[in-house]
Amino acid sequence: MSNLMAFAELPILPTPAYEYIKDLDRAQEVLAFLDQQPILEIDTEGTSLDPYRCRTTLLQIGVPNMAYVFDVRSDLPGISVYGKLFEEILTSKKHLKILQNANYDMKVIKKQYGFYIENVYDTMLAEVLMYLGVQESGFSLAKLVEKYLGMSMDKEPRDTFEIYDQDFTDKQIAYAANDVCVLDIIRNMQLPRIEKYNLQEALALEMAFIKPLAEMELNGIKLDVAKWRLMMTEFAEELEVFKKNIENTLQVTQDQLSLFNVPTVNIGSPIQLKKALNKLGIKVESTASEALKKYSSHKVIEDLLAYRQNAKLVSTYGEALIDKINPKTGRLHTQFKQMVSTGRMSSNDPNLQNIPGKQKFRSCFIADSGMCLITVDQNSAELVIMGAMSGEPNFIDTYEKGLDLHTVNASRIYNVPYDKVTPEQRKASKAISFGLAYGISAVGLGKRLGIDKKEAQKLIDIYFKVNCVLDKWLTKAAKDAIRTHSSTTITGRHRFYNIPSMSDPARKTIIGGVERAAKNHKIQGSDSDTIKLAMILCVDRLNALDVGARLLLSVHDEIVVECPIEHVDEVAKVVVSSVDDAFNHYFPIMPMYTAPVIGPCWIKHECEAKDANGKKCEHNIMKFEEDSHYGTKLVCAKCGAKQD
């Protein structure tokens, strides 16, 4: 029987008992009753999925055996119920509010009525958390009703609320009521798995994080359009230069030009490109960028890699990024997925987490007039987490002494004094340490360092001999994942794995992938736990400070806050303390001490300019100066060195 047939044969979820309320006096009577209930099921209907364009029409609150559908269009004749009426009950922490995809409702209510729903349980997020790593979809309310209740939902009226001043039909009102009659049932059926895998702490973290994530999506970030457009135009011009150079180089491998002297090698064709490169004496196995990197000493390969990088940048972040600016706010509003398999967030539409890290790109993401941006980054968080979770004495001792871990490891790997370690040796040590967080192999390390697999494996072996406790911890993490079909973070967040049977011919390959993923998850997933807690603390503390500061963005280990210039010092202290307190809550054995970088735009790091004696400036405050080409240029406020 097909899935479609199975779904069609499921019984339809029956219409619940409900009351449609338009009168203010009746609404107040019902709210007095609802205020006595410990658990409330919440949903809204509105005219748009965009919180800046949406006008809420209905607000539904469900309790056992009853759904109340409030019409909140108080600007229409005959309706006296209004949205702010629900602020007290929705912000009270004495009630648990259950929602499905709470992010949407919280943003809409915040934008229109000025408050966030508090003490939230999101059935969709709970389901995502419960199956991280083994399930990518199937989290809609209809799917959860099908799974837990064995029924189907009539979702036909879903898109019929776009007209604000319409008279709602019984079918529309019944549809709205249905959305709040099953949420507590679903929650109760989710709890056994949550308890079985001890997900309570991770669940509490994710539920508390809904508000900071909504804040970032609502606040957005401003883009210097003129500067960005000029930069992308220049990249497009460079793109053509690279393309022409590549085609001219490859053309010598061809017998003739085509009609009108058009080159006959299509550099977008892997077959033609490989054939042409082989004729030049560059015997490539593949034309994939990763495979070509080891041949980058050849000018044509260097140009080809640069061409591809620029082409991706221009196509993904050229005019396409400008087109994403919200016409109502004049800002870019990314959409975050709250959890991927490791527990980290992902960003899309547009993806601001993949903006190139170079400062010249970040300088286009600017503060509003009279405001500045504060960026705080958890420096080397993954290395500290590895040391703290494994208890590796070498990491802990180095951290306590304030020494550079990469230099210490290099000193031991290469058997040279600490102060005699070369930049190349430190680079190799750093590549191994950071690579461990991503499950790096000897092949991968070799590519990164430009050495063969045998030499790379030798470095890894020595590294683990030096850090034997870390080696045992990572090995145990990998083996435990195969045994238990999951790995865990510092909060108990699980990433689950599908382990193939012993007879599966791909078992060895899959097992290897699971072992690498498990090592990665314990580190990166725990890192994600710390930065999410940091944003929870940051939003709460900024709200308490109440000086107009707001959370804008998070990219992996850093958070970006916008604040009025006159309050920068007090806000910077709040942001730093939030990041440090969150990290140190989980890892007190190796506490984090961060510092802010401050300026008129999104800043990557402190000033790295050196004086005549080779000493770095390391100042953390930047400013814009006029620039005849781009309009502005970012410089260090202390030494004046250009940062772009």
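I'm checking my understanding of the structure. Among residues of segment 240-254 that are in contact (Cβ under 8 Å) with a residue 60 or more places away in the chain and open to solvent by 20 Å² or more (accessible area, probe 1.4 Å), which one is nearest to Trp602 (Cα to Cα)?
Phe242
Just the residues that are under 26 Å from Gln200 (Cα atoms), part of a helix (DSSP H, G or I) and open to solvent by 70 Å² or more (accessible area, probe 1.4 Å), please, taken from segment 462-515.
Lys476, Lys479, Arg483, listed by residue number.
Name the one entry in Glu127, Glu162, Glu146, Glu156 that is without any contact (Cβ under 8 Å) to a residue 40 or more places away in the chain and of a type in the set (Asp, Glu). It would help to see each step written out before you state the result.
Values: Glu127 fails: without any contact (Cβ under 8 Å) to a residue 40 or more places away in the chain; Glu162 fails: without any contact (Cβ under 8 Å) to a residue 40 or more places away in the chain; Glu146 fails: without any contact (Cβ under 8 Å) to a residue 40 or more places away in the chain.
None of the other options fit; the residue is Glu156.
Can you report the number of residues in segment 179-202 which are open to solvent by 20 Å² or more (accessible area, probe 1.4 Å) and in a helix (DSSP H, G or I)?
Total meeting the criteria: 12.
Please go through segment 382-438 and pick out each residue that is open to solvent by 10 Å² or more (accessible area, probe 1.4 Å), under 23 Å from Ile589 (Cβ atoms) and not in a helix (DSSP H, G or I).
If the condition is that a residue be open to solvent by 10 Å² or more (accessible area, probe 1.4 Å), under 23 Å from Ile589 (Cβ atoms) and not in a helix (DSSP H, G or I), then Gly391, Gly402, Leu403, Asp404 are the ones that fit.
Looking only at segment 334-351, count every residue that is more than 9 Å from the chain's Cα centre (by Cα), touching a residue at least 60 places away in the same chain (Cβ under 8 Å) and under 21 Å from Lys604 (Cα atoms) and tell me the total.
The total comes to 1.
List the pairs whose first member sits in segment 392-407 and is modelled with pLDDT of 90 or more, whose second member is in a helix (DSSP H, G or I) and of a type in the set (A, V, I, L, M, F, W, C), and whose Cβ atoms are under 6 Å apart, counting only residues at least 6 apart or on separate chains?
So the pair list comes out as Glu392/Val469; Glu392/Leu470; Thr398/Leu405; Thr398/Val408.
Might you check whether a residue that is in contact (Cβ under 8 Å) with a residue 12 or more places away in the chain, of a type in the set (S, T, N, Q) and either surrounded by fewer than 17 Cβ atoms within 10 Å (Cβ to Cβ) or more than 30 Å from Gln272 (Cβ to Cβ) (or both) occurs anywhere in segment 320-331? Can you show your working first?
Of the residues in segment 320-331, the ones in contact (Cβ under 8 Å) with a residue 12 or more places away in the chain are 320-322, 324-326, 328-331.
Those left that are additionally of a type in the set (S, T, N, Q): 326, 329.
Add one more test, that the residue is either surrounded by fewer than 17 Cβ atoms within 10 Å (Cβ to Cβ) or more than 30 Å from Gln272 (Cβ to Cβ) (or both), and what stays is 326, 329.
The answer is yes, given that some residue of segment 320-331 is in contact (Cβ under 8 Å) with a residue 12 or more places away in the chain, of a type in the set (S, T, N, Q) and either surrounded by fewer than 17 Cβ atoms within 10 Å (Cβ to Cβ) or more than 30 Å from Gln272 (Cβ to Cβ) (or both).
Kindly indicate whether Ala549 is among the hydrophobic types (A, V, I, L, M, F, W, C), farther than 30 Å from Lys401 by Cα, touching a strand residue (DSSP E or B) at 6+ places or on another chain (Cβ under 8 Å) and open to solvent by less than 50 Å² (accessible area, probe 1.4 Å).
yes
Quick check on my filter: what residues within segment 388-416 are among the small types (Gly, Ala, Ser) and within 12 Å of Ser429 (Cβ to Cβ)?
Of the residues in segment 388-416, the ones among the small types (Gly, Ala, Ser) are 388, 390-391, 402, 410-411.
Once the filter is applied, which keeps residues that are among the small types (Gly, Ala, Ser) and within 12 Å of Ser429 (Cβ to Cβ), segment 388-416 yields Ala410, Ser411.
What tally of residues in segment 561-603 results from selecting those that are part of a helix (DSSP H, G or I) and either open to solvent by 30 Å² or more (accessible area, probe 1.4 Å) or within 27 Å of Ile490 (Cβ to Cβ) (or both)?
Filtering segment 561-603 for residues part of a helix (DSSP H, G or I) gives 565-586.
Narrowing the set further to residues that are either open to solvent by 30 Å² or more (accessible area, probe 1.4 Å) or within 27 Å of Ile490 (Cβ to Cβ) (or both) leaves 565-567, 569-570, 572-586.
Looking only at that region, the number is 20.
Kindly establish whether Ile282 is surrounded by 13 or more Cβ atoms within 10 Å (Cβ to Cβ) and not in a helix (DSSP H, G or I).
Here the answer is yes, as Ile282 does meet what is asked.
Quick test for you: out of Leu49, Leu58, Leu13, pick the one residue that is hydrophobic (A, V, I, L, M, F, W, C) and in contact with a Lys or Arg (Cβ under 9 Å, 6 or more places away or on another chain).
Going through Leu49, Leu58, Leu13 in turn, just one is hydrophobic (A, V, I, L, M, F, W, C) and in contact with a Lys or Arg (Cβ under 9 Å, 6 or more places away or on another chain): Leu58.
Out of all the residues in segment 325-346, is one or more assigned to a loop (DSSP other than H, G, I, E, B), more than 24 Å from Lys623 (Cα to Cα) and in contact with a Pro (Cβ under 8 Å, 6 or more places away or on another chain)?
Yes, because at least one residue in segment 325-346 is assigned to a loop (DSSP other than H, G, I, E, B), more than 24 Å from Lys623 (Cα to Cα) and in contact with a Pro (Cβ under 8 Å, 6 or more places away or on another chain).
Let's see how each residue does on (1) farther than 23 Å from Arg331 by Cα; (2) in contact (Cβ under 8 Å) with a residue 60 or more places away in the chain:
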position	(1), (2)
Leu533	yes, yes
Val539	no, yes
Leu552	no, yes
Ala582	yes, no
Met590	yes, yes
Asp611	yes, no
His619	yes, no
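Kindly provide the set of residues from segment 21-42 that are acidic (Asp, Glu) and open to solvent by 60 Å² or more (accessible area, probe 1.4 Å), ordered by number.
Residues satisfying the conditions are Asp23, Asp25, Glu29.
Return only the number of the condition from (1) among the hydroxyl-bearing types (Ser, Thr, Tyr); (2) farther than 28 Å from Phe583 by Cα; (3) modelled with pLDDT of 95 or more that Ser137 does not satisfy.
The number of the failed condition is (3).
For segment 604-625, which residues satisfy the criterion of being at pLDDT below 95 and in a strand (DSSP E or B)?
Scanning segment 604-625 gives Lys610, Lys616.
Within segment 43-102, which residues are of a type in the set (Lys, Arg) and open to solvent by 10 Å² or more (accessible area, probe 1.4 Å)? I'd like the intermediate steps shown before the answer.
Pass one, segment 43-102, residues of a type in the set (Lys, Arg): 53, 55, 73, 84, 93-94, 97.
Answer for segment 43-102, where residues must be of a type in the set (Lys, Arg) and open to solvent by 10 Å² or more (accessible area, probe 1.4 Å): Arg53, Arg55, Lys84, Lys93, Lys94.
Hey, among Ile499, Ile413, Ile462, which residue is without any contact (Cβ under 8 Å) to a residue 40 or more places away in the chain and either of a type outside the set (S, T, N, Q) or within 15 Å of Asn520 (Cβ to Cβ) (or both)?
Going through Ile499, Ile413, Ile462 in turn, the sole match is Ile499.
Against the condition surrounded by 16 or more Cβ atoms within 10 Å (Cβ to Cβ), in contact with a Phe, Trp or Tyr (Cβ under 9 Å, 6 or more places away or on another chain) and of a type outside the set (S, T, N, Q), how does Ala442 come out, does it pass?
For Ala442, the condition - surrounded by 16 or more Cβ atoms within 10 Å (Cβ to Cβ), in contact with a Phe, Trp or Tyr (Cβ under 9 Å, 6 or more places away or on another chain) and of a type outside the set (S, T, N, Q) - is not met.
Do the conditions hold for Arg541, that is, is it at pLDDT below 95, assigned to a helix (DSSP H, G or I), surrounded by fewer than 21 Cβ atoms within 10 Å (Cβ to Cβ) and of a type in the set (Lys, Arg)?
Here the answer is no, as Arg541 does not meet what is asked.
Looking at segment 604-638, which of its residues are loosely packed, with under 12 Cβ neighbours inside 10 Å and among the hydrophobic types (A, V, I, L, M, F, W, C)?
Residue satisfying the conditions is Ala612 alone.
The values are calculated or read from the model by the stated rules, or taken from the named source; none is laboratory data. Source: prediction; values computed, not measured. Don't worry about glycine lacking a Cβ; one is built from the backbone with ideal geometry, like all the others, and counts go over all protein chains shown. Note: accessible area is taken over every heavy atom of the protein model, side chains too, but ligands, DNA and RNA are not part of it. Shrake-Rupley method; radii C 1.70, N 1.55, O 1.52, S 1.80 Å.
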